[in-house]
Amino acid sequence: MDDSETHSRQPRTTGFLAISRIDGLGFCGGYLLLNDAGRPIEFHCTLPVRPERAHEILYGATLQPWLFTELISRPLLGKAAACPDVILVEQAELGDVQPYTPAPVVRVWQTEPASEEAGHLRWSPADERHREQVAKTISELTSRVDLLEPFERIRQAIDEAHSTRAAS
């Protein structure tokens, strides 16, 4: 590889988007962007969002996807300065954020272990037009980053932010 190839290659950025339920407070979202080495570039989280009883009645079964997408995820995606190569989500409801970002949104999840070793990772893009691009990106990512571990970082950061806030 010559110097021009080295300098022209843009560093990869991966987004991880997750929603956590905070007992007694509601739902909080977290959006973590990592570089190639798995180090944070940006982190954003929301205050708790709790739907009103009227929302529960009017939205019915569509409440959680609406809450996760429109009230939590869409504002988080808008706050980020960096645009990732791909955004990974664990929750199926977050596939609805695809229209609000140019990056492919991919749901990842762990399947039942095939043996006593670790289970298998599965993925599915929110938009099938991105399947080929996503397959290449996921393949490269899995060689460098555990794709499920950053979701735990988000949950812990949200818990920490809200426990610190409650203490003050």
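The values are calculated or read from the model by the stated rules, or taken from the named source; none is laboratory data. Treat the numbers as computed from the prediction; the structure is a model and nothing was measured. Cβ coordinates were reconstructed from backbone atoms using ideal geometry, including for glycine residues, and neighbour counts include every protein chain displayed. Note: areas computed on protein heavy atoms with side chains; ligands, DNA, RNA excluded. Shrake-Rupley method; radii C 1.70, N 1.55, O 1.52, S 1.80 Å.
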Residue satisfying all of: in the stretch 41-51; surrounded by fewer than 16 Cβ atoms within 10 Å (Cβ to Cβ) and in contact (Cβ under 8 Å) with a residue 24 or more places away in the chain; nearest to GLU160 (Cα to Cα) among these: GLU42
Residue pairs meeting the criteria (Cβ under 8 Å; at least 6 apart or on separate chains; first within 19 Å of THR111 (Cβ to Cβ), in the stretch 70-96; second open to solvent by less than 60 Å² (accessible area, probe 1.4 Å) and assigned to a loop (DSSP other than H, G, I, E, B)): LEU88/LEU147; GLU90/LEU148; GLY95/ALA126
Some residue of the stretch 52-66 being in contact (Cβ under 8 Å) with a residue 24 or more places away in the chain and touching a Phe, Trp or Tyr at 6+ places or on another chain (Cβ under 8 Å): no
Any hit, the stretch 71-83, residues being modelled with pLDDT of 90 or more, open to solvent by 80 Å² or more (accessible area, probe 1.4 Å), in a helix (DSSP H, G or I) and under 13 Å from ILE19 (Cα atoms): yes
Residues being more than 15 Å from the chain's Cα centre (by Cα) and surrounded by 18 or more Cβ atoms within 10 Å (Cβ to Cβ) - total across the stretch 23-35: 0
Selected residue (criterion: most open to solvent (accessible area, probe 1.4 Å)) from residues of the stretch 85-99 that are over 20 Å from SER20 (Cβ atoms) and not in a strand (DSSP E or B): PRO99
Among residues of the stretch 100-123, those that are more than 12 Å from LEU148 (Cα to Cα), open to solvent by 40 Å² or more (accessible area, probe 1.4 Å) and at pLDDT 80 or above, counted: 2
